[in-house]
Amino acid sequence: METKDTASIDYNELEVMKKETIEYYLDYLREENIAEGDQVEHRGPAVVELSIHALKSLFNYLTKETEMENGECYFYRNVMNKIVIHKKRETANRRARNISSIILNEEEISEYLEFIKNDYGNLLNSPLAQRRYERDKERDIAINSLILGTGMRVGEIASLEVKKVHLNKGTIEITRKGGTEDTVLVMESALKDLKEYIKIRNTRYKGAKDSPFLFVSVYGGTAKALSRRAIQNVVNKYTAAFGQSNGISPHKLRHSFAVDFIRSGGDIILLRDQLGHNDIKTTSLYTNMANKDSEKILNKMDQQRSTMN
């Protein structure tokens with residue numbers, strides 16, 4: 001089929017479109033190389049699934065809801081009915097176990113932050129890498145500590161402004177997904193790390209006092225806000241060195257905070273508000289991840305059976 005821009009495609013072409021053409025398009029979406037800075041990535045399954053849903057909605061509209069002058073729809077053949085989304089079915093408990101295998105437990109959280117502060121620099125062989133670590137040490141500690149001390153999303157941290165940090169109150173004003181304004185509490189240990197970073201921010205990063213954003217780096221000789229990708233790279237670098245294979249994402253640190261919150265006796269409603277979830281079902285995942293009762297009961301049963309043999 002000849003390549004056209006979307007606006008020039010006639011609905012008659014959609015009427016006769018083959019299933020094979022749709023499948024070729026979906027394969028293209030999955031396999032297309034997408035440049036992200038110096039890295040090349042592919043779309044995730046969720047993104048492709050959203051595209052499928054969008055096409056299904058379009059064809060449903062054209063074949064069921066539209067009406068021409070004669071009272072008929074534009075056409076009735078719906079090729080998207082032949083495209084099936086195969087959803088992976090798993091229980092909340094199974095999903096929780098899969099996620100919990102790649103997060104930090106309560107002991108590892110403390111060990112990880114201490115590793116960044118005291119041990120990471122000893123692993124560096126390059127003088128340049130050592131200098132960068134010393135320059136960014138307080139900033140990087142604050143980023144990791146903030147995620148593990150609030151459960152904030154990486155996008156919320158990237159857009160965080162200096163004036164929205166209230167150290168004396170122990171709170172931060174943030175913009176949630178969808179543009180909703182919210183206020184989150186910050187653990188005392190994370191506040192301490194934030195204070196240490198704020199102390200050196202304006203002198204360490206030239207031009208930082210002119211940037212409204214809290215977390216900055218030096219690009220082109222002046223301070224600019226860290227992007228989401230840059231924050232992800234910061235977390236990945238330290239978690240990889242800490243021993244988490246290829247490293248883990250800021251989102252896994254968010255999971256780590258949430259599980260530790262529940263294990264420490266936190267209420268699921270309070271956690272929902274802290275994380276900014278719209279649906280309590282999403283938050284309930286962490287209850288499954290933190291619940292050790294089933295494991296304890298099984299171990300007790302096993303011990304009892306052993307004594308009977």
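The values are calculated or read from the model by the stated rules, or taken from the named source; none is laboratory data. Worth saying up front: this structure is predicted, and the values here are computed from it rather than measured. Note: areas computed on protein heavy atoms with side chains; ligands, DNA, RNA excluded. Shrake-Rupley method; radii C 1.70, N 1.55, O 1.52, S 1.80 Å.
Numbers below:
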quantity: Carbon plus sulfur fraction of accessible area for region 208-289, probe 1.4 Å, in percent; calculated: 48 percent
quantity: Accessible surface, per residue, of region 158-208 when the full set of protein chains is kept, probe 1.4 Å, Å²; calculated: 59 Å²
quantity: Accessible-area ranking of Leu146, Leu128, largest first, probe 1.4 Å; calculated: Leu128, Leu146
